[in-house]
Amino acid sequence: MGEADDGLKSKRVVFVTVGTTCFDSLVRAVDTQEVRAALFKKGYTHLVIQMGRGSYIPTKSTGEDGSLSVDYFTFSSSIAEFLKSASLVISHAGSGSIFETLRLRKPLIVVVNEDLMDNHQSELAEELAERKHLFCARPQTLYEIISSMDLDSLVAYQPGDATPVAKFINRFLGFTDG
């Protein structure tokens, strides 16, 4: 039993989620050799991709050749267990996925889907990245973000503090902050 436990301790999983949408450009990006190699170089051992409604099928790998183990699925009744077991999450910019991952205090790279019209999600991701709660990428910049990311630079998100929003609304309505 000791050997199995040792194997589990060294398992470092990257979980990729696209939610219920089609985000093939994200799945394609994580399926490139350069992104896989960058993740492996950072010490990750497994890549699990939730590919949603996409048509692009990533390449599976057992990792027995000394590379990243890769598996994928379309949907799950709940991704909570995948998020909990992940060492790193790479997610679409949906607010539910973002805040669930931040609540679990998991390192997060949010990849913005530039194909969406009126993309308010990018504003949320960019604001949270500016506050150093997560890293923000585009499919074409994912490799650079992974290669250069310093997880120690992230600041834990503190949920439930509505003060900044309340102050913004007060200023917007012409009330003072005092």
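Please count how many residues of region 43-59 are outside any loop (DSSP other than H, G, I, E, B) and touching a Pro at 6+ places or on another chain (Cβ under 9 Å).
2
Does region 103-128 hold any residues that are free of Cβ contacts under 8 Å to residues at least 60 places away in the same chain and surrounded by 20 or more Cβ atoms within 10 Å (Cβ to Cβ), and which are they?
Answer for region 103-128, where residues must be free of Cβ contacts under 8 Å to residues at least 60 places away in the same chain and surrounded by 20 or more Cβ atoms within 10 Å (Cβ to Cβ): Leu108, Ile109, Val110, Val112, Ala125, Leu128.
Could you list, in sequence order, the residues of region 61-80 that are within 19 Å of Cys22 (Cα to Cα) and surrounded by 11 or more Cβ atoms within 10 Å (Cβ to Cβ)?
Step one: of region 61-80, the residues within 19 Å of Cys22 (Cα to Cα) are 71-79.
Within region 61-80, Asp71, Tyr72, Phe73, Thr74, Phe75, Ser76, Ile79 qualify.
Give region 141-162 a look and list any residue that's within 13 Å of Val112 (Cα to Cα) and either among the small types (Gly, Ala, Ser) or more than 15 Å from the chain's Cα centre (by Cα) (or both), or say none.
none
Kindly list the number of the only condition in (1) in a loop (DSSP other than H, G, I, E, B); (2) surrounded by 15 or more Cβ atoms within 10 Å (Cβ to Cβ); (3) modelled with pLDDT of 95 or more that fails for Cys22.
(3)
Filter region 41-60 down to residues that are surrounded by 18 or more Cβ atoms within 10 Å (Cβ to Cβ) and within 16 Å of the chain's Cα centre (by Cα) and give me whichever is farthest from Ile146 (Cα to Cα).
Once the filter is applied, the top-ranked residue is Gly52.
Per-residue answers, yes or no, for (1) on the phi < 0 side of the Ramachandran plot; (2) among the basic types (Lys, Arg); (3) modelled with pLDDT of 95 or more; (4) touching a Lys or Arg at 6+ places or on another chain (Cβ under 9 Å):
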| site | (1), (2), (3), (4) |
| --- | --- |
| Gly7 | yes, no, no, no |
| Val13 | yes, no, yes, no |
| Leu47 | yes, no, yes, yes |
| Phe82 | yes, no, yes, no |
| Ala86 | yes, no, yes, yes |
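Give the number of residues within region 60-71 that are closer than 11 Å to Arg12 by Cα and not in a loop (DSSP other than H, G, I, E, B).
1
The values are calculated or read from the model by the stated rules, or taken from the named source; none is laboratory data. Predicted model, so just to flag it, every value in this text is computed and none were measured. Note: ideal-geometry Cβ built from the backbone for every residue, glycine included; neighbour counts use all protein chains shown.
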